[in-house]
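The values are calculated or read from the model by the stated rules, or taken from the named source; none is laboratory data. Given the structure is predicted, the values throughout are model-derived calculations rather than measurements. Using ideal geometry, Cβ is built from the backbone for each residue, glycine included, and neighbour counts are taken over all protein chains shown.
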Amino acid sequence: MNRLNFFKIHLVKPFWLRFIIFIIVGLPLFSNFPALFISQILSKFFNPEFALIISYPLISFFIWLFCLPSLGLNKFLDYMSAAFLMALTTVITSSLLQNLFPFIFMENAYAASVRLLRLYFNVLAVFPWSLTFINSFSPDSIINALTQLRTPFREAGLHFALALRVFQHVGTVVSKLLLIWKERYPSLLVMRHTGENKKLKFIFAWVRWLAYSVIDWVYASIILTFEPIPAMVNEFEILSERNKKNDFSEK
Amino acid sequence: MSSKFYQKEIRKMTSQKSKFAQTALISALAALTAVTTIMVRVPIPATNGYFNIGDVFIILAGLWLGPKAGLIVGAVGSSVADAVGFPVYIPATFAVKGLEGLVAGLPIKKTVAALLAAIVMVAGYYVFEAFIYPMLGNRIPMFAITTPEAALIALLPNAVQGIAGAVGGLALWHSIANKK
């Protein structure tokens, strides 16, 4: 047996144990406490502010290590490129808006930087974690388990399995689409080419970028997301019909 | 394949009465709402909340699939996004975004429904940030993240978010789902 299998979370059985492990590992993404706890330990060796700042990348690094064996290197790198793009877009947009409209986003520069840094590493960890989480539960095994249940539960379970399959599909589409999107609209990520010194000119350029790029992204994501849905729906309708026929013949 | 082909396919799918088709569409829109909400997040320090563009899909869901679908997409999709990084806002988001989707799906003129949904979102967050959270914060410290003054500051970004969501949702509904 491959020694790495021990670290592959999607192989953990039963499924509820897998679920609990995911929640425990993802806890730092939902709450501040693990970061504060780590920073308290680190502050014995470093400046407390620096300790808090490095606790965020440490947590992200731990989550990447957790996801890597299950995803495999290629998939992991794909997800990470999409995550970096998402995180960069978020922090660049945030810092731009904070500078352009200080009366809304008022905060001292240090606090704003720490907040954005936290958000940056949060997005970097959330993206691979959530895709690993969704892809670690198989709709097929849910459908197999449902065959032993009574009709009303079976029908509800089929809807749940379909929703899971759609979520998995959206995850795949989004990670691929983000990379294509970056190729097409690189301007926000390459600031030196946008003439950011001229504030008004930049605001217009940014709003235009935002309008075109976001509309394009949203439209493309809808088309690619919905493309396989009719086939998925057909498959589940056939399964549902078969279940109903089986129930009828048993009676 | 052209986008017109997909438009036809999408329309065919929504004309199906199958419950599975509804489940698939609602799940897809909820997932897209969560992703777009996480994708562009601009923190608003005054209220510890953030500006995002996820409302586009909530309003689209309401306009396209009706109030029930709008409610589920708004409540579930946005709460999933809030769970990551902003968990204290989950109760407010679940109620406000759910209501936003529900209003967008009301059987009235689509433009009015979309604008009304945006107003509900802005007003809903104001009520939570100005009154409910400060009140809860007196008993549970976790909720003491905002004040009535801060809620006033957040009105402008929330209004921009609401208008962008209404315009984007309407534009998408016209391009992919409008049967006229």
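For the range A:117-126, the tally of residues that are closer than 13 Å to A:Met86 by Cα, out of contact with any Phe, Trp or Tyr (no Cβ under 6 Å at 6 or more places or on another chain) and not polar (S, T, N, Q) stands at 6. Restricting attention to the range B:112-129, does a residue exist that is touching a Phe, Trp or Tyr at 6+ places or on another chain (Cβ under 7 Å) and either touching a residue at least 12 places away in the same chain (Cβ under 8 Å) or not small (Gly, Ala, Ser) (or both)? No, the conditions are met nowhere in the range B:112-129.
For the range A:134-160, a residue qualifies if it is hydrophobic (A, V, I, L, M, F, W, C) and surrounded by fewer than 22 Cβ atoms within 10 Å (Cβ to Cβ), and the qualifying residues are A:Ile134, A:Phe137, A:Ile142, A:Ile143, A:Ala145, A:Leu146, A:Leu149, A:Phe153, A:Ala156, A:Phe160.
Taking the conditions exactly as written (modelled with pLDDT of 95 or more and either facing chain A (nearest Cβ under 10 Å) or part of a helix (DSSP H, G or I) (or both)), does B:Ile132 satisfy them or not? Against the criterion (modelled with pLDDT of 95 or more and either facing chain A (nearest Cβ under 10 Å) or part of a helix (DSSP H, G or I) (or both)), B:Ile132 does not qualify. When B:Gly62 is tested against (1) touching a residue at least 24 places away in the same chain (Cβ under 8 Å); (2) crowded, with 23+ Cβ neighbours inside 10 Å; (3) at the interface with another protein chain (Cβ under 10 Å from one of its Cβ atoms), just one condition goes unmet, and that condition is (3). Residues in the range A:14-41 that are away from chain B (no Cβ under 14 Å) and β-branched (Val, Ile, Thr): A:Ile20, A:Ile21, A:Ile24, A:Ile38, A:Ile41.
Selection of the range B:130-142 for residues being over 24 Å from B:Asp55 (Cα atoms) and touching a residue at least 12 places away in the same chain (Cβ under 8 Å) yields B:Pro134, B:Met142.
Tell me yes or no: at least one residue of the range B:75-89 is touching a Ser or Thr at 6+ places or on another chain (Cβ under 8 Å) and within 14 Å of B:Gly165 (Cα to Cα). Looking through the range B:75-89, at least one residue is touching a Ser or Thr at 6+ places or on another chain (Cβ under 8 Å) and within 14 Å of B:Gly165 (Cα to Cα). Residue count for the range B:30-45, restricted to those that are of a type outside the set (Ser, Thr, Tyr) and modelled with pLDDT of 85 or more: 5. In the range B:25-59, of all residues being among the hydroxyl-bearing types (Ser, Thr, Tyr) and part of a helix (DSSP H, G or I), the one that is surrounded by the fewest Cβ atoms within 10 Å (Cβ to Cβ) corresponds to B:Thr36. When you check A:Leu58 against the structure, is it assigned to a helix (DSSP H, G or I), more than 21 Å from the chain's Cα centre (by Cα) and not acidic (Asp, Glu), yes or no? It is false that A:Leu58 is assigned to a helix (DSSP H, G or I), more than 21 Å from the chain's Cα centre (by Cα) and not acidic (Asp, Glu). Residues in the range A:121-178 that are in contact with a Gly (Cβ under 8 Å, 6 or more places away or on another chain) and of a type in the set (Ser, Thr, Tyr): A:Ser130 only. Checking each residue in the range B:70-92 for being within 14 Å of chain A (Cβ to nearest Cβ) and crowded, with 23+ Cβ neighbours inside 10 Å picks out B:Val73, B:Gly77, B:Ser79, B:Ala81, B:Asp82, B:Tyr89.
When the test is whether a residue is modelled with pLDDT under 95, part of a helix (DSSP H, G or I) and surrounded by 24 or more Cβ atoms within 10 Å (Cβ to Cβ), B:Ala117 does not pass it.
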